[in-house]
Amino acid sequence: MPVPDFLLALRKHVGHDLLPLVGVTAVVVGEDGSILLHRRSDDGRWCTPGGILEPGEQPANAVVREVREETGVEVVVERLASVVGQEPYTYPNGDQVQILDLAFRCRATGGEPVADGDESLEVRWFPQNALPGMSWRIHERITYATQDRSEPFYVT
């Protein structure tokens, strides 16, 4: 995934040191209960659309932007599904991050699934009972977003 310009500038000052960042994830649920996924261009794995919150951006606006950029689908946010601090992660280049992920349940309102060729290689709707192989973290986000609950999941 392309690194946002603000993060490249910040890395010039802090090097590879651990940065806490806010990430947003969209679990887009279709009318039939299917889930919108995209296959990432950086590692070829299927996942939910999402990205890093940019300075001054509201999380719900960021998740709508990320879905549009990565999949071509327009969405509205229905609710916050989960708030989870992930374990620190080190990228192959040595950059360290710890993401606070805000996952939102979203509903498609228009657009056609299309890979942008930059961040996404493929975009598809999958039935919930036939999701492709993905990390446990992505499955967890989908589970929280598709549960019948009004409050977000969080770790205590």
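The criterion of being over 20 Å from G85 (Cα atoms) and open to solvent by 60 Å² or more (accessible area, probe 1.4 Å) holds for D42. Scanning region 103-117 for residues that are touching a residue at least 60 places away in the same chain (Cβ under 8 Å) and closer than 30 Å to Y154 by Cβ, which turns out nearest to the chain's Cα centre (by Cα)? Going through the qualifying residues, I end up with A103. Among the residues of region 83-102, some residue qualifies, meaning at least one is of a type in the set (D, E) and without any contact (Cβ under 8 Å) to a residue 40 or more places away in the chain. Whether a residue is under 13 Å from the mean Cα position of the chain (by Cα), over 25 Å from V3 (Cβ atoms) and among the hydrophobic types (A, V, I, L, M, F, W, C) was assessed, and A81 passes this test.
For L100, the criteria (1) touching a helix residue (DSSP H, G or I) at 6+ places or on another chain (Cβ under 7 Å); (2) open to solvent by 40 Å² or more (accessible area, probe 1.4 Å) hold in every case but one, which is (1). The condition of being open to solvent by less than 40 Å² (accessible area, probe 1.4 Å) and under 15 Å from A26 (Cα atoms) holds for L53. If we keep just the residues of region 33-50 that are modelled with pLDDT of 95 or more and farther than 18 Å from T143 by Cβ, which is nearest to the chain's Cα centre (by Cα)? For region 33-50, the residue satisfying everything is H38. Per the listing L19, L7, L53, the residue uniquely in contact with a helix residue (DSSP H, G or I) (Cβ under 6 Å, 6 or more places away or on another chain) and over 27 Å from G133 (Cβ atoms) is L53.
Yes/no per residue for (1) surrounded by 15 or more Cβ atoms within 10 Å (Cβ to Cβ); (2) in a strand (DSSP E or B); (3) modelled with pLDDT under 95:
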residue	(1), (2), (3)
A9	no, no, yes
D17	no, no, yes
P20	no, yes, yes
R68	yes, no, no
V75	yes, yes, no
F104	yes, yes, no
T109	no, yes, no
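The set of residues in region 22-32 that are open to solvent by 20 Å² or more (accessible area, probe 1.4 Å) and either in a helix (DSSP H, G or I) or more than 23 Å from Q96 (Cα to Cα) (or both) comprises E31, D32.
The values are calculated or read from the model by the stated rules, or taken from the named source; none is laboratory data. These figures come from a predicted structure and were not determined experimentally. Cβ coordinates were reconstructed from backbone atoms using ideal geometry, including for glycine residues, and neighbour counts include every protein chain displayed. Accessible surface areas use protein heavy atoms only, side chains included; no ligands, DNA or RNA. Shrake-Rupley method; radii C 1.70, N 1.55, O 1.52, S 1.80 Å.
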